[in-house]
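All remarks here apply to the structure that follows.
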Amino acid sequence: MTKNIVLTGVLVIGLAYFVLGNFSDWHMHVWSFNNWKYFVKILLLLITLKIWFLLDKKDINNSVLLLFVLIGSILLISCEHLLLVYLALELQTFSLFVLIAKNRNSMLSTEAGLKYFILGAISSGIFLLGVSIIYGISLSMSLKDIAFISQDNLVLVVAQSLILIALLFKLTAVPFHMWAPDVYEGASTEIVALIATVPKISVLIVLMNLNFPSDLLLLAAVFSMIFGTLGALNQNKIKRLIAYSGISHMGFILLGIALFNIYGQEASFVYLLIYLFMIIATFSIILITPMKNYLIIELSGAIKNNKTIGLTWAILLLSIGGIPPLAGFISKWLLLWTSLNNAFYVGSLVGILCSMVAGAYYLRIVKIVYFQKTSNFIVWENLLSKSVLINESLSIVLGISIYMVLFLILNPNPWVLFSHWGVVSLF
């Protein structure tokens, strides 16, 4: 009963906001495919529903807070005023803080929630400082008015840099990534899936909408690829590995945005869409796989216990590593090709080298899944622990994601066109 009520509420509120938010366009009698906000609202709703299937339905607070995160994210991409952007960011941040720290019996969960809260407060303060400087220059906080301010103004450059720093905190980009591995490790798997998708979508769209010309984005992109790739090398826990992997992937996405043209934005949008499929599938398979401490060594011999789970792990890991012909290869190839065509040779070279290194440690995990023998301790621990029940909704989410990862290379044109429609109105 509760499940049906919450699901209906999410659908009704999400769809109602989508319809009412665009009521002014009804007089056209034609739905505009050039407004990127429409696509992102639908994308946020679909991703939130997928994550809702992963949550524990017994606790109504989880579903309510998830709804607040969705509302904050939709408001974030709909606002054209910096103060409203700040309020939407805070709604999103506080809801995530409660979800991260909800497990009172876990020291890791409490520590993760505290770190997220403190660093989130710092980033919010930096954002407000940048907004106040812009208001002092232009007496306006509207994004449309800011676009007409001369970019030669040094004070404006400082204000824009402060706002970018605050947004890079939310995106876990280097050098503002320090909270991600600890938060990923301390929070539950379902909440980590939420942190890795919905907030990043909304903040990335804000970043694309602001379109502040700054070398800070390019530096953050390059160093995120380097530190994210190197940080994942010596990890022995799957959640921390995904955290550093997410930092590296965020570097690739920021590299496309740093081009400041329609081709770079389009490549980043395609990369983001494919990354969402891969990350949701990864957390779904983590929930299905019997793992107590989320150690990579617990995947030893997974192919012998369940061939379907072992094969799924291999497909996902190879796709995240960018191995052809999987979907992860398409996104990296398109973004690096676009970067090279725009003469971003250093960023492209760093991206290629990081992809090679990442492919090596993902192949190591595939080797563990297929060829490494399971230790006696892990065997007995799996036998004595409760078996993981695979529910139907989780299987559907995983199946759809794996289908997209496997067969996207056959016809990627719809996703490229989808991304093109999404960003063409920005230029």
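Among the listed residues PHE169, PHE176, identify the single one that is modelled with pLDDT of 85 or more, aromatic (Phe, Trp, Tyr) and surrounded by 19 or more Cβ atoms within 10 Å (Cβ to Cβ). Spell out the reasoning first.
Numbers: PHE176 fails: modelled with pLDDT of 85 or more.
Among PHE169, PHE176, only PHE169 is modelled with pLDDT of 85 or more, aromatic (Phe, Trp, Tyr) and surrounded by 19 or more Cβ atoms within 10 Å (Cβ to Cβ).
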For the stretch 99-113, enumerate the residues that are buried (at least 17 other Cβ atoms within 10 Å of the Cβ) and in a helix (DSSP H, G or I).
LEU99, ILE100, SER109, ALA112, GLY113
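Does ASP182 satisfy the criteria of being within 20 Å of PHE94 (Cβ to Cβ), surrounded by fewer than 24 Cβ atoms within 10 Å (Cβ to Cβ) and either of a type outside the set (A, V, I, L, M) or modelled with pLDDT of 85 or more (or both)?
Numbers: within 20 Å of PHE94 (Cβ to Cβ): yes; surrounded by fewer than 24 Cβ atoms within 10 Å (Cβ to Cβ): yes; either of a type outside the set (A, V, I, L, M) or modelled with pLDDT of 85 or more (or both): yes.
Here the answer is yes, as ASP182 does meet what is asked.
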Pick out the one residue from PHE344, PHE329 that is at pLDDT 75 or above and under 30 Å from LYS144 (Cβ atoms).
PHE344
Looking at SER63, SER73, which one is touching a Ser or Thr at 6+ places or on another chain (Cβ under 7 Å) and either hydroxyl-bearing (Ser, Thr, Tyr) or in a helix (DSSP H, G or I) (or both)?
SER73
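Would you check if ILE253 is crowded, with 20+ Cβ neighbours inside 10 Å and either basic (Lys, Arg) or in contact with an Asp or Glu (Cβ under 9 Å, 6 or more places away or on another chain) (or both)?
Working: crowded, with 20+ Cβ neighbours inside 10 Å: yes; either basic (Lys, Arg) or in contact with an Asp or Glu (Cβ under 9 Å, 6 or more places away or on another chain) (or both): no.
Criteria not met by ILE253.
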Which residues, counting only those in the stretch 297-308, are crowded, with 19+ Cβ neighbours inside 10 Å and at pLDDT 75 or above?
GLU298, LEU299, SER300
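Here is a check on your reading of the model: is TYR370 modelled with pLDDT of 85 or more, among the aromatic types (Phe, Trp, Tyr) and closer than 23 Å to TYR403 by Cβ?
Here the answer is no, as TYR370 does not meet what is asked.
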List the number of the failed condition for LEU216; all other conditions in (1) closer than 25 Å to LEU336 by Cβ; (2) of a type in the set (A, V, I, L, M, F, W, C); (3) surrounded by 20 or more Cβ atoms within 10 Å (Cβ to Cβ); (4) touching a Ser or Thr at 6+ places or on another chain (Cβ under 8 Å) hold.
(3)
Selection status of TYR135, of a type in the set (Phe, Trp, Tyr) and closer than 15 Å to LYS200 by Cα:
no
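Looking at the stretch 192-277, what helices (runs of 4 or more DSSP H) fall wholly within it and have at least 2 residues that are farther than 30 Å from MET141 by Cβ and touching a residue at least 24 places away in the same chain (Cβ under 8 Å)? Quick ask: steps written out before the conclusion?
Details: elements: 198-210, 215-231, 238-257.
Fully inside the stretch 192-277 and qualifying: 215-231, 238-257.
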Which condition number does LEU156 fail, the rest of (1) touching a Leu at 6+ places or on another chain (Cβ under 6 Å); (2) within 21 Å of HIS81 (Cβ to Cβ); (3) modelled with pLDDT under 85 being met?
(1)
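Could you say which residue among LEU233, LEU287 is closer than 23 Å to PRO324 by Cβ, hydrophobic (A, V, I, L, M, F, W, C) and either over 16 Å from the mean Cα position of the chain (by Cα) or surrounded by fewer than 23 Cβ atoms within 10 Å (Cβ to Cβ) (or both)? Explain how you work it out, then say what you get.
On the way: LEU287 fails: closer than 23 Å to PRO324 by Cβ.
LEU233 is the lone residue from the list that is closer than 23 Å to PRO324 by Cβ, hydrophobic (A, V, I, L, M, F, W, C) and either over 16 Å from the mean Cα position of the chain (by Cα) or surrounded by fewer than 23 Cβ atoms within 10 Å (Cβ to Cβ) (or both).
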Of all the helices (runs of 4 or more DSSP H) wholly in the stretch 292-368, which have at least 2 residues that are under 30 Å from ALA258 (Cα atoms)?
307-320, 327-341
Hey, VAL131 of a type outside the set (Lys, Arg), at pLDDT 85 or above, part of a helix (DSSP H, G or I) and more than 24 Å from the chain's Cα centre (by Cα) or not
yes
For the stretch 199-212, does any single residue satisfy the condition of being closer than 23 Å to SER124 by Cβ, buried (at least 24 other Cβ atoms within 10 Å of the Cβ) and not charged (D, E, K, R)?
yes
Evaluate the following for ILE238: is it over 12 Å from the mean Cα position of the chain (by Cα) and in the same structural domain as ILE323 (by TED's automatic domain parsing)?
yes
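For PHE176, indicate whether it is free of Cβ contacts under 8 Å to residues at least 40 places away in the same chain and of a type outside the set (Lys, Arg). Before you say what the answer is, go through the steps one by one.
On the way: free of Cβ contacts under 8 Å to residues at least 40 places away in the same chain: no; of a type outside the set (Lys, Arg): yes.
No, not satisfied.
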For TYR263: the one exception among (1) touching a helix residue (DSSP H, G or I) at 6+ places or on another chain (Cβ under 6 Å); (2) more than 18 Å from THR338 (Cα to Cα); (3) surrounded by fewer than 21 Cβ atoms within 10 Å (Cβ to Cβ):
(2)
Pairs, please: C-beta under 6 Å, at least 6 apart or cross-chain, first residue assigned by TED's automatic domain parsing to the domain that holds TYR244 and in the stretch 320-335, second in a loop (DSSP other than H, G, I, E, B) and crowded, with 23+ Cβ neighbours inside 10 Å?
GLY328/GLY322; PHE329/GLY322; LYS332/GLY322
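The values are calculated or read from the model by the stated rules, or taken from the named source; none is laboratory data. All figures in this text were calculated on a predicted structure; none of them were measured in a lab. Neighbour counts are summed over all protein chains in view; Cβ atoms, including those assigned to glycine, are modelled from backbone coordinates with ideal geometry.
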